[in-house]
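Undergrad: I have a structure here, written as structure tokens, and I will follow up with some questions on it.
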Amino acid sequence: MVNSIKTNEFKYESEKLGMMYFRVAAVLLGAQLLMGLIAAIQFLYPNFLFEIFDFSVARMVHINALVVWMLYAMIGSVYLLLPSETGIETIGVGIGKLLFWILTAAVTVVVLVYIFVQIGAGTEASIWFINEGREYLEAPRWADIGIVVVVLGFLFNVYATAIKGERTGVMTVMMANLLALAGLYLAGMFFTDNITVDQYWWWWVIHLWVEATWEVYVATIAAWALMQIIGARRQIVEMWLWIEVAMLFGSGILGLGHHYFWIGTPEYWWEIGALFSALEPVPLVAMFVHVLYDWGKESGSQGGKATLANSPAFAWITANAFGNFLGAGVWGFFHTLPQVNIYTHGTQFTSSHGHLAFWGAYATILIGMFYMGIQRAHGVKKMQMTFSTKMAFALLNIGMLGMTVALLISGYGQVLIERAQMGATWEGFFVSQNATWFLQGMGWRLVMGAVMLVGFIYLVLDILTIGKNAKLKEVAKA
Ligand code: HEM
Ligand code: HEM
Ligand SMILES: [Fe+2]
């Protein structure tokens, strides 16, 4: 009987391709955590791996792995939901698989080069073959161009499928948004000698991704997942989706100004950045309220018992609603006014926000999508939380919250000592970095990072077993 259990119950090849992307995403998340831990240890013990593995490389791989695993999980989620939204197999799914292997080979080569060529002169050749030197988007230019080719293939698949199949509101928003998301990558591909101009364009990618196009993307997959998991009505989720699209683009685009305060751009950005970025939490609050509203309404309409087709995914999507609101909305608002930002800019305060926002707004829901994929892979109607699901959920989220608070305390130390007391001098920087409160915060960040790693091990254990076990139970019942 056990032998008759298939682990591949996909109805569509597109869903299988989605899972291929998810697997690499999960591996890269693990790599991200390991690199973060190495960098966190080096903060406290600078001799750790001295002249073997540089802090700058650990940090770089940490945040590039972050961006890359999230893009993998995003592409995977699109391939997963395409057949369900359009009603047909993805057009060009064979090309999609080929591009997956090309991308994965390229990512492997890029990471190996980072690790083996840690230091050296920055030249035209190093931009082409080693590292472009732009935080978060360090891929060398050859890989940049390769990424553009792969993404064009992906966009072709999505567009061709959506045009031929049924066109839902979710798909219409997805199509327009993916084009914007991919197009913005181009702003980070050319190099100028003027650092202000360079930073000006670089922020287009990072800010207009995480505060506009990625947020809209998350709203589309949340809409889809809520329909699948709790049977939310399409009309309701799509209405909210359109409202959010309008609001997110409205505040997110000019909110970009909060990165133009101190990089040498004209001073009018102070007012523009202050006003529009302060409005950015508004759509996040609306989204938060809407999820809770949908949830209450759906459970109400079914006599207090909502059908939960996939409780692990639902838990992570709920964490996303809270996390997006807290990490991006609240933690972002803390330091977004230039009057505050002049003290907090580039301290651990920023890092506190960066961690909670990426985690709350993106990591959570993408992990939820892993579970959506697993459910389809095994063809189970109902997937319930296991002990490992709960341990992973608790340890990862508690670890991240703890880390965020620790970083906030270190950041306060820097603001008070380095900025307020010592007038942002070079000496002030070092004095504040050696202050007790700063160091204790760094210590707790490391402890909480270790908690997250244990949570990650539970997550891997869970995603490797939960689908098969759920299937066995369903077969036993039938
Ligand atoms: C999910 C959405 C968001 C993510 C993932 C995110 C992430 C980040 C990250 C990683 C940084 C550091 C960038 C660097 O390396 O210099 C940053 C900076 C910043 N973020 Fe966000 N953010 C989000 C939303 C927001 C929102 C909604 C606001 C405002 C309400 C905001 C305000 C800021 C400000 C002011 C800075 C600059 C900090 C500084 O001057 O050092 N962010 N964000
Ligand atoms: C084991 C857990 C983790 C540890 C120990 C860790 C540690 C670190 C360290 C040491 C840095 C460099 C900070 C600096 O240069 O001052 C960093 C940066 C960063 N990490 Fe993590 N990290 C962890 C997990 C994560 C996760 C899960 C995310 C996102 C989902 C994340 C996102 C970031 C971002 C966006 C930055 C750049 C922040 C900035 O420039 O302000 N990290 N992390
Ligand atoms: Fe921003």
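The values are calculated or read from the model by the stated rules, or taken from the named source; none is laboratory data. What you see is a predicted model, and the numbers here were worked out from it, not measured in a lab. Counting neighbours? That spans all protein chains shown, and the Cβs are built from the backbone with ideal geometry, glycine included.
Undergrad: Could you list all residues from the range 153-191 that are of a type outside the set (A, V, I, L, M, F, W, C), part of a loop (DSSP other than H, G, I, E, B) and surrounded by 17 or more Cβ atoms within 10 Å (Cβ to Cβ)?
TA: G165, T168
Undergrad: If only one of E51, E135 is within 16 Å of ligand 2 (Cβ to nearest atom) and at pLDDT below 95, which one is it?
TA: Among E51, E135, only E135 is within 16 Å of ligand 2 (Cβ to nearest atom) and at pLDDT below 95.
Undergrad: Have a look at I253, I263, I342 and point out the one that is within 13 Å of ligand 1 (Cβ to nearest atom), among the aliphatic types (A, V, I, L, M), under 25 Å from V405 (Cβ atoms) and surrounded by fewer than 22 Cβ atoms within 10 Å (Cβ to Cβ).
TA: From the options I253, I263, I342, the qualifying one is I342.
Undergrad: Then there's this: When you check L71 against the structure, is it more than 16 Å from L178 (Cβ to Cβ) and buried (at least 19 other Cβ atoms within 10 Å of the Cβ), yes or no?
TA: Taking the combined requirement at face value, the residue does not satisfy it.
Undergrad: Separate question: Does the range 380-390 contain at least one residue that is out of contact with any Cys (no Cβ under 8 Å at 6 or more places or on another chain), surrounded by 19 or more Cβ atoms within 10 Å (Cβ to Cβ) and more than 21 Å from I457 (Cβ to Cβ)?
TA: Checked the range 380-390: at least one residue is out of contact with any Cys (no Cβ under 8 Å at 6 or more places or on another chain), surrounded by 19 or more Cβ atoms within 10 Å (Cβ to Cβ) and more than 21 Å from I457 (Cβ to Cβ).
Undergrad: Search the range 235-261 for residues that are at pLDDT 95 or above and among the aromatic types (F, W, Y) and pair each with any residue that is in a helix (DSSP H, G or I) and within 16 Å of ligand 2 (Cβ to nearest atom) when their beta-carbon atoms are under 8 Å apart and the residues are at least 6 apart or on different chains.
TA: Y260/W203; F261/N341
Undergrad: Something else now. With the condition kept exactly as written, say whether any residue in the range 378-386 is assigned to a helix (DSSP H, G or I), within 13 Å of ligand 1 (Cβ to nearest atom) and of a type outside the set (D, E).
TA: no
Undergrad: Here is a follow-up. Report, by residue number, each residue of the range 442-474 that is more than 12 Å from H378 (Cβ to Cβ) and polar (S, T, N, Q).
TA: The answer is none; no residue qualifies.
Undergrad: Please specify each residue of the range 345-360 satisfying the condition of being in contact with a Leu (Cβ under 8 Å, 6 or more places away or on another chain) and buried (at least 20 other Cβ atoms within 10 Å of the Cβ).
TA: Within the range 345-360, Q348, F349, S352, H355, L356, F358, G360 qualify.
Undergrad: What number goes with the only condition from (1) in contact with a Leu (Cβ under 9 Å, 6 or more places away or on another chain); (2) modelled with pLDDT of 95 or more that E85 does not pass?
TA: Only one criterion in (1) in contact with a Leu (Cβ under 9 Å, 6 or more places away or on another chain); (2) modelled with pLDDT of 95 or more is unmet by E85, namely (1).
Undergrad: Given the conditions (1) polar (S, T, N, Q); (2) within 16 Å of ligand 2 (Cβ to nearest atom); (3) modelled with pLDDT under 90, which single one is not true for Q302?
TA: The failed condition is (2).
Undergrad: Looking at (1) of a type in the set (A, V, I, L, M); (2) within 16 Å of ligand 1 (Cβ to nearest atom); (3) more than 23 Å from R233 (Cα to Cα); (4) under 21 Å from the mean Cα position of the chain (by Cα), which is the only condition A321 fails?
TA: (3)
Undergrad: Same structure, new question: Among the listed residues R419, R445, identify the single one that is touching a helix residue (DSSP H, G or I) at 6+ places or on another chain (Cβ under 9 Å), basic (K, R), closer than 19 Å to H345 by Cα and in a helix (DSSP H, G or I).
TA: When all the criteria are applied, what remains is R419.
Undergrad: Determine whether the range 350-368 contains at least one residue that is in contact with a helix residue (DSSP H, G or I) (Cβ under 9 Å, 6 or more places away or on another chain) and not in a helix (DSSP H, G or I).
TA: no
Undergrad: For the subset of the range 20-48 comprising residues that are of a type in the set (A, V, I, L, M) and closer than 14 Å to I367 by Cβ, which member is nearest to ligand 2 (Cβ to nearest atom)?
TA: Checking each candidate, the answer is L33.
Undergrad: Oh, and also: What pairs can you find where one residue is in the range 456-478 and closer than 11 Å to Q384 by Cα, the other is among the hydroxyl-bearing types (S, T, Y), and their Cβ atoms are less than 8 Å apart, with a gap of 6+ or different chains?
TA: I466/Y371; I466/T386; I466/S388; I466/T389; G467/T7; N469/T386
Undergrad: Take the residues of the range 405-453 that are surrounded by 16 or more Cβ atoms within 10 Å (Cβ to Cβ) and charged (D, E, K, R): which is farthest from ligand 2 (Cβ to nearest atom)?
TA: That would be R419.
Undergrad: I've got another one for you. May I ask you to verify whether I145 is more than 16 Å from ligand 2 (Cβ to nearest atom), touching a Lys or Arg at 6+ places or on another chain (Cβ under 7 Å) and within 24 Å of A25 (Cβ to Cβ)?
TA: So I145 does not fit the description; no.
Undergrad: Right, another one. What are the pairs with Cβ atoms under 6 angstrom where one residue, in the range 197-208, is over 17 Å from V68 (Cα atoms) and at pLDDT 95 or above and the other, located anywhere, is part of a helix (DSSP H, G or I) and within 14 Å of ligand 2 (Cβ to nearest atom)? Sequence gap at least six, or different chains.
TA: Pairs found: W203/H259.
Undergrad: If you don't mind, there's one more thing I want to ask. Given the structure, is G402 buried (at least 20 other Cβ atoms within 10 Å of the Cβ) and either within 13 Å of ligand 2 (Cβ to nearest atom) or among the polar types (S, T, N, Q) (or both)?
TA: no
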